[in-house]
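Every read-out reported here was derived from the displayed coordinates using simple, explicitly stated rules and does not represent laboratory data. All of these numbers come straight from a predicted model, not from anything done at the bench. Here the Cβ positions follow ideal geometry from the backbone for every residue, glycine too, while neighbour counts run over all protein chains shown.
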Amino acid sequence: MLTNNSGKRLIKYVPDYVLFDLETTGISCKTDEVVEISALKVENGLVVDEFSTLVNPGIPIPYYASEVNGITDDMVADAPGFVTVLAEFAAFAGDEILVGHNINTFDMKFIQRDAEKYFGKVFGNDYIDTLVLARAYLPELSHHTLSDLARYYHISTKGAHRALNDCKMNQRIFESLKEEMEDPAKAVKKCPKCGNLLKKRNGKFGEFYGCMSYPDCKYTENI
């Protein structure tokens, strides 16, 4: 939903959500543009609807981006612009919690930038980043990319780096992470002030727990 205030990042499992993914011309939310967006609407852990479209970015797609996602200038030549697509995505998502992989530092920045640019609003939906969850609940893994997690849970990675395929992979990963989050042996410490995760840090006087929302939240806890 488009509103005046951005939503909050949540650290939990929810059964109802909209999981989404973007493909872009590059990694900079200052200079790059969206070329594809896909989303799955999930109720009680099951996919009930999907949204997917290519996007004409209005700029040439660099060769290195096409090498990753397979999307070319010819493919998006007749696709709608993001001003149209973003409004459609906002209607599809409604006020549901958004879920995605690495969306805290990537996808949310793109959709918030363009929502403000086109509509003078931002997405007020709270959101969950599966990368944050995976790092917290699967610390034994050396890497936590979407493909790494798919292989860990024996989920096919066929078609990776196209938005809809990545959504389908990540939806299964999120549902699998639910089991990790419900395992008492894998309980993690959460900040009592903001609800984000606490992380062990080294300070002048030794180890302590610090909130991962720092500097927005400066809560600390002695070990």
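Let me spell it out: the conditions are (1) assigned to a loop (DSSP other than H, G, I, E, B); (2) surrounded by fewer than 20 Cβ atoms within 10 Å (Cβ to Cβ), and E50 meets all of them except one. Which number is the exception?
Among (1) assigned to a loop (DSSP other than H, G, I, E, B); (2) surrounded by fewer than 20 Cβ atoms within 10 Å (Cβ to Cβ), the lone unmet condition for E50 is (1).
Each row is one residue, and each column tells you yes or no for (1) in contact with an Asp or Glu (Cβ under 9 Å, 6 or more places away or on another chain); (2) closer than 25 Å to E50 by Cβ; (3) among the aromatic types (F, W, Y).
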residue: T157; (1), (2), (3): no, yes, no
residue: A160; (1), (2), (3): yes, yes, no
residue: I173; (1), (2), (3): no, yes, no
residue: P184; (1), (2), (3): no, no, no
residue: K190; (1), (2), (3): no, no, no
residue: C194; (1), (2), (3): yes, no, no
residue: F205; (1), (2), (3): no, no, yes
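Step by step: first the residues of the stretch 93-132, then only those that are more than 10 Å from the chain's Cα centre (by Cα) and of a type in the set (D, E), then the one that is surrounded by the most Cβ atoms within 10 Å (Cβ to Cβ). Which residue is that?
In this case the residue turns out to be E96.
Inside the stretch 135-172, can you point out the residues that are free of Cβ contacts under 8 Å to residues at least 60 places away in the same chain, closer than 19 Å to T24 by Cα and not in a helix (DSSP H, G or I)?
Listed by number, the residues that qualify are T145, G159, A160.
Only one of (1) closer than 26 Å to T145 by Cα; (2) in contact (Cβ under 8 Å) with a residue 12 or more places away in the chain; (3) within 16 Å of the chain's Cα centre (by Cα) fails for S28. Which number is that?
Only one criterion is unmet by S28, namely (2).
Identify, please: which residue in the stretch 12-47 is of a type in the set (S, T, Y) and part of a loop (DSSP other than H, G, I, E, B) and is, among those, surrounded by the fewest Cβ atoms within 10 Å (Cβ to Cβ)?
Just the residues of the stretch 12-47 that are of a type in the set (S, T, Y), to begin with: 13, 17, 24-25, 28, 31, 38.
Going one step further and asking which of them are part of a loop (DSSP other than H, G, I, E, B), we end up with 13, 25, 28, 31.
Details: Y13: 18, T25: 21, S28: 11, T31: 9.
Per the criteria, the residue is T31.
Those residues that are in a loop (DSSP other than H, G, I, E, B) and either aromatic (F, W, Y) or over 29 Å from the mean Cα position of the chain (by Cα) (or both), I need them from the stretch 187-208; list them, please.
Across the stretch 187-208, the qualifying residues are K204, F205.
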